[in-house]
Amino acid sequence: MIVENFSPLTPEGQAARILELDRVLALVAAKACTASAKALLLDLRPAPATEILRLREDLHRTAAFMVLVRECGSVPLAGVEDLNPFLEEIRFPESWLPPRELLVIVYTFAALERVRDYRDEAAERAADLFTPVASVFADIGSFAPLKRLIKSCINEEEEIRDNASLELKDIRRRITSSRRQISTQLNEILSNPEFEPLIQDNLVTIRNQRYVLPLRTNFRSAIPGIIHDHSRTRQTCFVEPLESVSLNNNLALLLQEEKQEEINILRMLGDRLRQTAPLIIETLEKILALDQLQAKALFGEQIKASAPVLLESWDAGFALKSARHPLLIASSGSGVLSVVPIDIEFPAGRCGLVISGANTGGKTVSLKTTGLIALMARCGLLLPVAPESRVPLFSMVLAAIGDEQNLAASLSTFSGHLLAVKTILAEADARSLILLDELGVGTDPKEGAALAQAVLIELKERRAIFMVTTHYNDVKSYAYEEEGISSVAVAFDPANFRPLYHLQYGVPGLSNALLIARNLGFSQALVDRAHSLLDEGENRTTNLAAQLEKRLAHTANHEKELLHLKQQARIEGDRQQRLIAELEIEKEKVKTSAREQVALLVKEARLKFKVRLTELEAVKNKLETALKNAGKAALKELPEVKVGKLRNAFNEARDEVYGLLPKPVRAPVKVDYEKLEVGDRVQVAGQTKAATIVAIDSSRQRLTVVLDGNLRVTLTPDKISQHLPATGFGAGKESSVKIRNIAAEDGGSGLGRGALGVSGATRVLNLIGKRVDEAADLLSVFIDQAIVDEQLQVEIVHGHGTGRLRQGIHEILKTLPYVSKFSHPDAAAGGAAITIVELVQR
């Protein structure tokens, strides 16, 4: 943006020159692709601080674009040219552009297509990063049809193609034919032996767009015709024979027709461009803005800049955290890491900093860094500060830095310095940033220090924000004692005689002139004499400053140690948490592995047991069959094969092994209290058996359940730990027990499955109404199918009746090899009307 009231001749313009804003803008412009964007960026000027909303928006957009470019690469803007001069040439009807300029337009259209492709790819690849800058890519038009039209008419050699129009194609065909006729006719003359002495070179050439023969000059009249030209040496004349004049005339007419048709084609292309010119201009303006934005983003990436908070008011203070001079970063081969950051801190109530310390310690760089960042913020550039910084938008930045000597104007260094300070005082107000380097230098130290203090008092009364560097002890003392002004030292390492380039607040800095002189080779005697010449006040001030600096360095070291210890403690805590988590994972892995190994052992033992059990059952059956006819006495002498006892022993061993395993931890089940209804089965926290809901109040805040033993309890819904589905029996919403007709549900087969309960799916066989012999067949098939399905438990429904069916079923179960044990459930679940059978899996 070019600001009208910003001029190099104004005080702020002078400050921008001193702070080298133009060099920063040149670095930004170097990142642009188009010449127009480069020119605009070079002319960029700080905007008025009143445009803070636009500046904030520009800063955030540039930061978002920097992130997008970091992820997706730069927008391919190479090849985009400024087409405005070309479009200006064809403003009027019948105007046209030469082929070379048309090709430039084609290349620009192709570049615009690449930009659109980048936009589409970025929107798909990084949608979250693209969205904040989507408006920048909006309304970039496509000119593919116009590009194809121009390319169909103009080739890469900047010539109009034969097939640009049917008329041009026909004319050029006739031109080719006419040239062939002329060439044939003239070649016949050349091949005639009679004319061989007359011919200088045996070739047909062209002069003035007409085909001619090269004759020796002394024979130029030997062949009647028109002389069109001579060679430089005058040894050859170029003659058009009379017999080829009509053919050359015809060719000339054809060439004129060709030229006119080419102009017609170029006019047609000009008309199409003229019609599309508004859209082209609009698109190029978007590309121009995009190029400038990308240049700012690329420069921000180079200096590792950020988009801090811009302040309209700084009554609550401001701070530039980890501020770095952008030109130092750009000129450093190592980049950001080689530049030591500084913190510029102005808490509430502070209006000035007086910076002191050794030469080459970074005092002037601190001033320039602050001033340049303030100007860059108003230019909409990303700033080389930490993101948490709070940067004020000063209405004016004023600076007096460097030697203002001007011999032509008879100005000494001190006079030039005073005039610069005078100009600043005439402009300074509460929204100004004032930067004064070596205030009061160049004259008597006492008078210079007094003048410097008077200027600081004046600036404080005007509530301006100022930063001043000095070597005067009186000015250091004033800054140390005055409220609202802070004394700041540039850190210096006296042991190694080198500056540390960071700021120490609350302490005046030592100039270390005598120390530096000794380090540069001055004799010890001379340095000691200089020490003796310092008056008592100077020595006292110097010693005090040295003590304060040492104390501050000691405190800083302690702070670093504390910070290091805190970081170590945090790292150790994180490591312990990680180890605990890893230990829990390993513990769970061991448990799982042990459980799987034991389960595998139990499965193998179960399989062997079943095989052995089957063999025993077979032996028993064979023995019983073989000894039926033997006497009872002989039968009694044989040992009894107690299969049931073996089965029970195996089950006890299995249960003992499973008891050694840790119980698996189940994730808590989330209960939807809105779906609870009267009659639903639920699990109450702390209870082992299911309960039934018998009442729910209208507010659904309390409900009544019946626990085991018909105990009625009223409780809140949060006491329900699980909502249980209905089981095959006892799940009805009436209080009495109802046995479902499973046989009817399964088409009369008598086989069926119960609903999913707490412990899984249960198979149910309904044998009510069956005889014992009928039940035997159904029961055998049912148990076999349950074993195949790997069921652990099944239910046999036989009802109460006379008890004969129940007794017969129990006798049959005792003979089945895979039955572990059987029993009746609680009365509430059916009692003696149901037999629950536990199975041993293969």
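Applying 1/(1 + (r/R0)^6) with r as the Cβ-Cβ distance of LYS670 and ALA289 and R0 = 56 angstrom yields a FRET efficiency of 0.60.
Here the gap between GLU482 and VAL678, fully extended at 0.36 nm per residue and compared with their Cα-Cα distance, gives a gain of 62.5 nm.
I'd like the FRET efficiency for ASP315 and SER698, computed as 1/(1 + (r/R0)^6) with the beta carbon distance as r and R0 of 60 Å, rounded to 0.05. After rounding to 0.05, the efficiency reads 0.55.
Between LYS169 and LEU279, the simple label model (points 7 Å from Cα in the Cβ direction) yields a spacing of 2.8 nm. Put CYS237, CYS72 in order of accessible area, highest first, and with a 1.4 Å probe you get CYS72, CYS237.
Taking each of LYS321/LYS368; LYS587/LYS608; LYS591/LYS670; LYS38/LYS296 in turn, the alpha-carbon distance tops 20 angstrom for LYS587/LYS608; LYS591/LYS670. Computed with a 1.4 Å probe on the full set of protein chains, the accessible area for TYR472 sits at about 40 Å². VAL309 contributes about 80 Å² of solvent-accessible surface, heavy atoms of the protein only, 1.4 Å probe.
Roughly what percent of Cα-Cα pairs across region 102-248 reach past 21 Å? So the portion of pairs separated by more than 21 Å is 64 percent. What nm distance separates the two modelled labels at ARG70 and VAL590, each placed 7 Å from Cα along Cα→Cβ? Label at ARG70, label at VAL590, 4.5 nm between them. Residue ranking by accessible heavy-atom surface, 1.4 Å probe, largest first, among LYS670, LYS151, LYS821 comes out as LYS670, LYS821, LYS151.
To the nearest 10 square angstrom, what accessible area does LEU242 show with a 1.4 Å probe? Solvent-accessible area, nearest 10 Å²: 100 Å². Annotation for region 163-212 versus region 75-96: alpha-carbon center distance of 40 Å.
The fraction of accessible area contributed by carbon and sulfur in region 293-450 is 55 percent, rounded to a whole number (1.4 Å probe; ligands and nucleic acids excluded).
Simple rule: put +1 on each Lys or Arg Cβ and -1 on each Asp or Glu Cβ in region 273-378, find the dipole, and look at ALA316, LEU288, PHE299; the Cα lying farthest toward the positive end is PHE299. Calculated FRET efficiency, ALA525 to ALA348, Cβ-Cβ distance, R0 = 60 Å: about 0.70 to the nearest 0.05. Using 0.36 nm per residue and subtracting the Cα-Cα separation, the extra length available between GLU604 and HIS564 on full extension is 8.5 nm. Ranked by solvent-accessible area (1.4 Å probe, protein heavy atoms only, all chains present), the residues MET396, MET376, MET268 order from largest to smallest as MET268, MET396, MET376. Distance between the modelled labels on ASN202 and ALA581, one decimal in nanometres: 9.4 nm (7 Å Cα→Cβ projection). For region 1-102, the per residue solvent-accessible surface stands at 50 Å², with DNA, RNA and ligands left out and a 1.4 Å probe. The residues of region 296-403 expose on average 31 square angstrom of accessible surface per residue, using a 1.4 Å probe on protein heavy atoms.
The values are calculated or read from the model by the stated rules, or taken from the named source; none is laboratory data. Please read these numbers as outputs of a predicted model, since none were measured by experiment. Reconstructed Cβ throughout: ideal geometry from the backbone, glycine too, with neighbour counts over all protein chains shown. Note: areas computed on protein heavy atoms with side chains; ligands, DNA, RNA excluded. Shrake-Rupley method; radii C 1.70, N 1.55, O 1.52, S 1.80 Å.
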